[in-house]
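This report concerns only the one structure given below.
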Amino acid sequence: METKNADLSSLKIDRSNKEEINSSKKNIFITLGIILLIITGYFIIYSFLGSSVEIKLTTAIIQKPGQSSASLTASGYVVAQRKAAIASKGTGRLIYLGVVEGDQVKKNQIIGRLEDNDIVAQLDQAKANLGLQEAGLTDVRNTLTRQKDLYSKGLSSQQEFDLAQSNYNKTMASIDVAKAGIRAAEVAMENTLIRAPFDGTVLTKNAEIGEIVAPFGGSTTSKTAVVTIADMKSLLVEADVSESNIEKIKPDQDCEIILDAFPEKSYQGYVFKIVPTADRSKATVLVKVGFKNYDSRVLPEMSAKVNFFTQKIDESIAEQKPVLIIPNSAIRNENGKSYIFKVEADKAKKIEVTIGQKFGDFVEVVSGLSSGEQIIDSLTDKIIDGSEVKLAN
């Protein structure tokens, strides 16, 4: 009976705590989902708006349309093939310098002179010695003549005749020594004069009046070369051509020379000489390109570009006017207008330009851009006005 009357309510399962646990778990999952959505959204927005676009730059250059037919282009410098650093053969203080940079000089023209007081004294001494020896020549000559006459008549001994002959020979030898001394002094005098070895133009002046000049630079304060001159009629362009492209170069091949200082002007040239050796450090071969004609704007040490043509240059190509060109891939066309992108403060800046003719993979820019300016190449949809950009490694 006691068993039947027992309270079975204590055996009932309490489900209220379980519902609370399920609710807590649900809230945690919701919170994690929201956080995950926020993080994903942040990265998506950052990838589209905050990341920098990698770009490559290209340079707007001035070039003739016909240069596209050039088989090879090389860079080099204008060099005078006849050039000399002029120094004196003597040592002394420079007391006269008659030229400055840019002056024209003629062969054997005196352009400088060293102090020569000591050489003048040596020359005077040598001339005085010659006069002394010549003064005694008359006496020994007369004595020899008399002894020769007496000896022939048997009135003089052999010893007296030989002595007269010996004195005469000594006097003649002394005269020769005195003359040699004069010539030596004259040569030393000539060595104080600095002359131009050929017709040319003074490029640099290396010494000033009052400085010590020595042929081999005897001290740290002495000068060797007084001036440097060059024959402006011997100008060539020395260009380095890669070993892998040297087979494209032939003697007398037509070329076009464009000075970096005057890109709007070109000069017709030809392959003058291919130097038969290579530079192992640069893997290049030196090619000398001669001018068919040039003007006063061409100066030694100017940088230049040389276009080598496989065929004879057509007159129409030679007379073409250079134009400003950029790659087609650097142009974006929108609504009938053309745009390029520059980089300013690590951001792309959209600029409208006017384009002209197309030349293969390049296009002429008529306005809106200048030679030498760098713009973004290989434009993509990610590159827009104001987007952050960085150079590709």
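Table for the structure above
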item	result
Exclusive hit being of a type in the set (Phe, Trp, Tyr) and in contact with a Gly (Cβ under 8 Å, 6 or more places away or on another chain), set TYR96, TYR77	TYR96
Residue match in region 265-278 (condition: open to solvent by 80 Å² or more (accessible area, probe 1.4 Å) and either in contact with a Ser or Thr (Cβ under 7 Å, 6 or more places away or on another chain) or assigned to a loop (DSSP other than H, G, I, E, B) (or both))	no
GLY102 being open to solvent by less than 60 Å² (accessible area, probe 1.4 Å) and at positive phi	yes
Tabulated pairs, region 361-375, first within 14 Å of ALA330 (Cα to Cα), second assigned to a loop (DSSP other than H, G, I, E, B), C-beta under 7 angstrom, 6+ apart or interchain	VAL363/ILE331; VAL365/ALA60; LEU369/ALA60; GLU373/ALA60; ILE375/ALA60
Contacts under 6 angstrom Cβ, first residue in region 80-96 being farther than 16 Å from LEU193 by Cα, partner in a loop (DSSP other than H, G, I, E, B) and at pLDDT 90 or above, 6 or more apart	ALA80/PRO300; ARG82/ASP231; ALA84/PRO197
Filter result for the condition that a residue is free of Cβ contacts under 8 Å to residues at least 24 places away in the same chain, over 30 Å from VAL202 (Cβ atoms), open to solvent by less than 90 Å² (accessible area, probe 1.4 Å) and part of a helix (DSSP H, G or I), over ASN129, ASN142	ASN142
Any chance THR201 is in contact with a strand residue (DSSP E or B) (Cβ under 8 Å, 6 or more places away or on another chain), open to solvent by less than 60 Å² (accessible area, probe 1.4 Å), polar (S, T, N, Q) and closer than 18 Å to LYS89 by Cβ	no
Residues that are more than 30 Å from VAL78 (Cα to Cα) and surrounded by 15 or more Cβ atoms within 10 Å (Cβ to Cβ), drawn from region 187-198	ALA188, MET189, ASN191, THR192, LEU193
Candidate set: region 62-82, residues that are open to solvent by less than 30 Å² (accessible area, probe 1.4 Å) and either in contact with a Pro (Cβ under 6 Å, 6 or more places away or on another chain) or among the charged types (D, E, K, R) (or both); chosen: the one modelled with the lowest pLDDT	LYS64
Candidate set from region 176-207 (those that are of a type in the set (S, T, N, Q) and in a loop (DSSP other than H, G, I, E, B)); member that is nearest to LYS233 (Cα to Cα)	ASN206
Residue in region 218-229 that is closer than 25 Å to LYS273 by Cα, in contact with a Gly (Cβ under 6 Å, 6 or more places away or on another chain) and at pLDDT 90 or above present	yes
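The values are calculated or read from the model by the stated rules, or taken from the named source; none is laboratory data. Since the model is a prediction, treat every value here as computed from it, not as a measurement. When we count neighbours, we look across all protein chains shown, and the Cβ atoms used for this are built from the backbone with ideal geometry, even at glycine. Areas reflect the complete protein model, heavy atoms only, side chains present, ligands, DNA and RNA absent. Shrake-Rupley method; radii C 1.70, N 1.55, O 1.52, S 1.80 Å.
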